[in-house]
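Asks: Sharing a structure here in structure tokens format.
The values are calculated or read from the model by the stated rules, or taken from the named source; none is laboratory data. These numbers come from a predicted model, not from an experiment. In case anyone asks, the SASA skips ligands and DNA or RNA and just uses the protein heavy atoms, side chains included. Shrake-Rupley method; radii C 1.70, N 1.55, O 1.52, S 1.80 Å.
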Amino acid sequence: MQELTAGRTRRGLTDPLLPVAALTLIALSAAALDAAVLCWASIGALAGFSLSGSV
């Protein structure tokens, strides 16, 4: 069994896959429900997340 190191744990917690996937699903479901404000808010969150250097 492999030990979890601080670097490996940190990489797992800061992996951008989960937040990007969640925000994308929110944006798509909001667009499907015609919830324009929520759709644009989630698209803005995706843009801010990518511009922050987190991706």
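Asks: Assuming 0.36 nm per residue, please report the length gained on full extension of the stretch Ala32 to Arg8 beyond their Cα-Cα distance. Display every interim value, and only then the final one.
Replies: Details: separation 24, 0.36 × 24 = 8.64 nm, distance 3.74 nm.
In short, 4.9 nm is gained.
Asks: Right, next: Of Thr14, Thr9, which has the most accessible area with a 1.4 Å probe, and how do the rest follow in descending order?
Replies: Values: Thr14 90, Thr9 55 Å².
Putting Thr14, Thr9 in descending order of accessible area: Thr14, Thr9.
Asks: Tell me, what HN-Hα J-couplings in whole Hz come from the Karplus equation 6.51 cos²θ - 1.76 cosθ + 1.60 at θ = phi - 60° for each residue of the stretch 18-26, using x for Gly and Pro?
Replies: 5, x, 5, 5, 5, 5, 5, 5, 5
Asks: Moving to a separate point now. Is the shape of the stretch 15-55 best called rounded, prolate or oblate, per the rule: a/c under 1.5 gives rounded, else a/b larger than b/c gives prolate, else oblate, with a ≥ b ≥ c the square roots of the Cα gyration tensor eigenvalues? Write down the numbers at each step before the final one.
Replies: Working: a/c = 4.68, a/b = 1.81, b/c = 2.58.
Oblate, because a/c is 1.5 or more while a/b does not exceed b/c.
Asks: Moving on. Read phi for every residue in the stretch 32-40 and hand back ³J(HN,Hα) as whole Hz from Karplus 6.51 cos²θ - 1.76 cosθ + 1.60, θ = phi - 60°, with x for Gly and Pro.
Replies: 5, 8, 6, 9, 4, 5, 5, 4, 5
Asks: Another one. Applying the Karplus parametrisation 6.51 cos²θ - 1.76 cosθ + 1.60 with θ = phi - 60° to the phi angles of the stretch 42-50, what ³J(HN,Hα) value in whole Hz is obtained for each residue in order, glycine and proline being reported as x?
Replies: Once rounded to whole Hz, the list reads 6, 5, x, 5, 4, 5, x, 5, 6.
Asks: Given a 1.4 Å probe and heavy atoms of the protein chains only, how would you sort Val20, Val37, largest accessible area at the top? Walk me through the intermediate numbers first.
Replies: Numbers: Val20 50, Val37 125 Å².
Of Val20, Val37, the descending order of accessible area is Val37, Val20.
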